[in-house]
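Please treat every number below as a calculation from the coordinates, not as lab data. Worth saying up front: this structure is predicted, and the values here are computed from it rather than measured. For neighbour counting, all protein chains shown are included, and Cβ atoms are generated from backbone atoms with ideal geometry for every residue, glycine included.
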Amino acid sequence: MIIEKIVVLIDAVLIIGLLLKKYLKINAKLNIVIICISSFFVGGYVGFTIYNVYMPLVFQIITFIFVFLLPIATLILQYNDTKIKRFSLKMKIKNSYSLREYENTLKYIQSLSEIDGEKAEYLYLSGKCYKHLNDFINARDSFALATQLDRSDYKSYYELGIILDETNKKDTAIVMFNKALKLKPDFYEAMEAYAICLTSQARFKEAREIYVKSLKTFPTSYELYYNIAMLNLQLKEVDKALEAFEKSVELKSDLYTAYYNIGNIYYFKKDYDKAIEAYKNMFPSPTYSKIAYYEIAKIYSITSQKEKAMATLEYLFELDPKYVKDARNEYVFSNMKDMINEYLMDMEIKKAKQKEKRNYMRETFKLIKLKNLVKKQDKINEEVKVEENEVENNDENQNSNLNSDVS
């Protein structure tokens, strides 16, 4: 009997504790009223139990209602209401964020935080919204607080590093990128941001080490090989740069900037045949093909293949006339100035003839049009004349008939 009463008291205290917790979390003022009433009846129950006095049936029923039934019903309703609100707010957050309504998203996150309290995931999303709104101070604070609440939140460390990098706090940004990579070694974006940050400080060897280390995790990343090659160029390690560029085009055959750099390296090495082959790989690109033709023409000029150089330039000038000025100012083509000028003169003559032909055709068309108009007008005049003759004939006939009737 005593055990049953102890269990009842423990249950009652737990229910009161849950009501109090819910009040503190969602500011449910009704809970305070229920706690007071429930505490009153619990006190009465304790009094009856201590003095071993029989509790009337009516008091037992009322005690059950106010100590157990009403509080439990309230907790269930509040829990379900909170659950529904949470689900609704999460859907609103997802929808508004996808629509780029970042200010509304922040309002919904604030409402959700009032239900669940501050969480790292909510602060991370808040930071993203502030970042999109270019509010870097609040974005930084949100990501920083997220990392304090969850030390394993590698995404917030990364985003915090990005904000610090953009606000020129590069040393601290490097620390953040480092932490993100320690938590998630295959975090490609953090690795890339880390290396770029080092590169911006002219710490080329350290940046290259980051890329080389990342190749173990991303062995088929052409971007990594390309970035390594560019850093090798900065470090004047041309052969290593060439090797990395060639590896990058093995992984991505349409990486035209890599072909351009390969061509340039062979060009400066005076290995012109390989340079031309590299430049030719740029032909499929509408943008880079023009650069390729220009570089190939330079090689033909250097190797005294003036006819080939001129043929290449002529084709290039047809693609893009702006290269005419570049070719005239290019020292490599100084031995071909007469050929270039002759070609340009021929083109001017050709244009003049075409213009003259167009003008002749235009004048001819005008004359034909004028003749057609004259013919049309003559035809109209003839039709009018015929109609007038018909009218005159009709009038004469009517007059003749009238004279006959009078006679």
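Using the Cα gyration tensor of the range 246-289, with a ≥ b ≥ c the square roots of its eigenvalues, what is the shape: rounded (a/c below 1.5), prolate (a/b larger than b/c) or oblate (neither)? Oblate shape, in that a/c is at least 1.5 and b/c is the bigger or equal ratio. Here the spin labels are modelled as points 7 Å beyond Cα on the Cα-Cβ line, and at Asn104 and Val46 they lie 5.2 nm apart. In this label model, Lys83 and Glu318 are separated by 7.5 nm, measuring between points 7 Å along each Cα→Cβ vector. Given a Förster radius of 22 Å and the C-beta distance between Ile65 and Ile115 as r, what FRET efficiency does 1/(1 + (r/R0)^6) yield to the nearest 0.05? In this case the efficiency is close to 0.15.
Each peptide in 184-194, 325-335, 37-47 gets a packing score, the mean of other Cβ atoms within 10 Å over its residues, and the list from highest to lowest is 184-194, 37-47, 325-335.
For Ile276, the shell of other residues with beta-carbons less than 15 Å away shows a net charge of +2, using +1 for Lys and Arg and -1 for Asp and Glu. Treating r as the C-beta distance of Lys90 and Asp346 and R0 as 56 Å, the FRET efficiency rounds to 0.20.
In terms of its Cα atoms, the range 151-222 spans 32, 30, 16 Å along the principal axes, sorted from long to short. One quarter of the convex hull surface built on the alpha carbon atoms of the range 284-330 amounts to 3.0 nm², the projected area averaged over directions.
The charge dipole of the range 119-219, taken about the Cα centre with unit charges on the Cβ atoms of Lys, Arg (+1) and Asp, Glu (-1), comes to about 300 debye, rounded to the nearest 20. Across the range 61-196, Cα-Cα pairs more than 18 Å apart make up 62 percent of the total.
How high is the FRET efficiency between Ile10 and Ala202 when r is their beta carbon distance and R₀ equals 60 Å, given to the nearest 0.05? After rounding, the FRET efficiency stands at 0.30.
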